[in-house]
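See structure below.
Just so you know, all these numbers are worked out from the coordinates, no wet-lab data involved. Since the structure is predicted, the reported quantities are computational estimates derived from the model, not experimental observations. Heads up, the Cβs are rebuilt from the backbone with ideal geometry, glycines too, and the neighbour counts pull from every protein chain shown.
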Amino acid sequence: MPSVYIKTYGCQMNERDSEAVAAQLVAKGYTLATSENAADVILLNTCSVRDMAERKAVGKMANLAADVRKNRPNVVLGFMGCMAQSRGKELIDTLPDVDLVIGTQKFHRTADYLDEILAGKRDKVVDVEAERGSEAEIRQHLLFGNGGTSSESPKRAITAFVSIMQGCNQYCTFCIVPYTRGEERSRAIPDIVAECQQLVAQGVKEITLLGQIVTSYGRRDYPVQDGKSAFVQLLDAVHEIEGLERIRFTSPHPKGYGDDLVEAYARLPKLVESAHIPVQSGSDRILKLMHRGYTRERFLGILAKLRAVKPGMGITTDIIVGFPGETEEDFAQTLSLTRAARFQNAYVFKYSPRRDTPAATMPDQVPDTVIEERHARLLELVNDIGREHYAASVGTRQQILVEGPSHKNAARLQGRTRCNKIVIFDGAARHVGQVMDVQIIRAGTFTLYGDPAIVNLN
Ligand code: SAM
């Protein structure tokens, strides 16, 4: 059977989509190649959120066409995902070696299209149509562990991502996602719970619920019940699953943090003390121009409520610097919010104009040199605060879920604290999948080092 290599750009949602496509192909008898040089089919799962991500994927495909295709003319080349969705056939017009373009609502058709192309029944396929019910199709898993998609290195999967919805209705003025992922569509609670139960039966201990804005989950399908939003109803249902140790989710929207969600952290012990809450800016003026729907005061109020319930909460965020019209005063507000919020970590993005988004044509686009300089300043502050968080963990005892070998040094093991800090320690294979306590003995850059033996002696 043909072998497939999938390269993924972008966010966890794209990683999850790639995993589901790989699982679909394996179920059909395809094998997964360990490198593009050994593959009969090479698929690039693309990201459109910033221009750089698009350029990387286009550049990669041009190289594949020039190098791989030249020596092996029968190799099938394809684009999937967000850029495939937004550019469609235009991609084949600019890169004629591309055989397949699959949009974000068509991942489940990949195997059928590849079969047809490989059998010579079709030459090129472009499918970027919307498809009703496609949100329920991202449900197959590989479970090779650590997100790996290589059948040659099967490891036990301890953690898994579960897609609960597709699309976004927020229309932030900088963001291309509503145009590439479509309108918000949610899966049914029993369907999601069944997938989680199956994962747990296969040894998974931690599930991360995924969506563009998970806090908007099921708003049209499940009315508020006993003060609980549809998303909190879903958390309750997943929490019931016996054998599941931990629940995470990403990404929420700040305006989705009602009291029901804050209380869920107090009520549900499996919901770990960790939240990635994108703030984007610390300036109310810019937040309004971004169409975010909250103020800095409201955002800081949410953090205060979460920390009142769970003082050790690990809070991370996304911030964009250089949004059109951002002045030095606006940027100072972002710096001051970052200090006040004391994020455990933050992804700092340089604003990138995206096609069809309102911000791309707003006046006062910020020059690249200014964006670079603000990016460096904010990153330094984020790293300083992050270092303080990690240093403060030294000497404490932390509960970790052991995920498997460390990515940096396979002779050691890696686990994660409840507030999502990576902990490296010397352990044995039997520890993998265990929830255990370690004593933190040292902090590195966004990594902790632990010693379970010290705890055992106590
Ligand atoms: N759904 C999430 C939310 O609440 O906004 C985020 C999804 S997006 C894939 C991840 C991050 O990319 C965003 O939070 C934002 O910080 C960043 N991003 C989105 N559009 C961007 C743009 N045009 N330029 C720079 N960064 C951008």
Check: Taking V272 and the conditions (1) within 30 Å of T361 (Cβ to Cβ); (2) in contact (Cβ under 8 Å) with a residue 24 or more places away in the chain; (3) touching a Ser or Thr at 6+ places or on another chain (Cβ under 9 Å), which numbered condition does it fall short on, given that it satisfies the others?
Finding: (1)
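Residue-by-condition table, conditions (1) within 12 Å of the ligand (Cβ to nearest atom); (2) farther than 25 Å from E206 by Cα; (3) surrounded by 21 or more Cβ atoms within 10 Å (Cβ to Cβ):
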residue	(1), (2), (3)
I241	no, no, no
K255	yes, yes, no
A266	no, no, no
L271	no, no, yes
S274	no, no, yes
S281	yes, yes, yes
H291	yes, yes, no
Notebook entry, point to check: How many residues, within region 192-247, are within 21 Å of the chain's Cα centre (by Cα) and among the acidic types (D, E)?
Noted result: 3
Item checked: Filtered residues of region 165-199 (kept if farther than 22 Å from G88 by Cβ and near the ligand (Cβ under 10 Å from one of its atoms)) -> Q170, C172, T173, F174
Notebook entry, point to check: Counting only residues that are closer than 26 Å to R355 by Cα and hydroxyl-bearing (S, T, Y), which one in region 33-85 is surrounded by the most Cβ atoms within 10 Å (Cβ to Cβ)?
Noted result: T46
Checklist line | Single unsatisfied condition, E380 versus (1) within 12 Å of the ligand (Cβ to nearest atom); (2) more than 22 Å from P178 (Cα to Cα); (3) out of contact with any strand residue (DSSP E or B) (no Cβ under 7 Å at 6 or more places or on another chain) | finding: (1)
Margin query: What's the total number of residues in region 155-171 that are assigned to a loop (DSSP other than H, G, I, E, B) and crowded, with 16+ Cβ neighbours inside 10 Å?
Written below: 7
Note to self: Of the residues A341, A391, A359, A443, only one is within 30 Å of P269 (Cβ to Cβ) and within 16 Å of the ligand (Cβ to nearest atom); which?
What the structure shows: A341
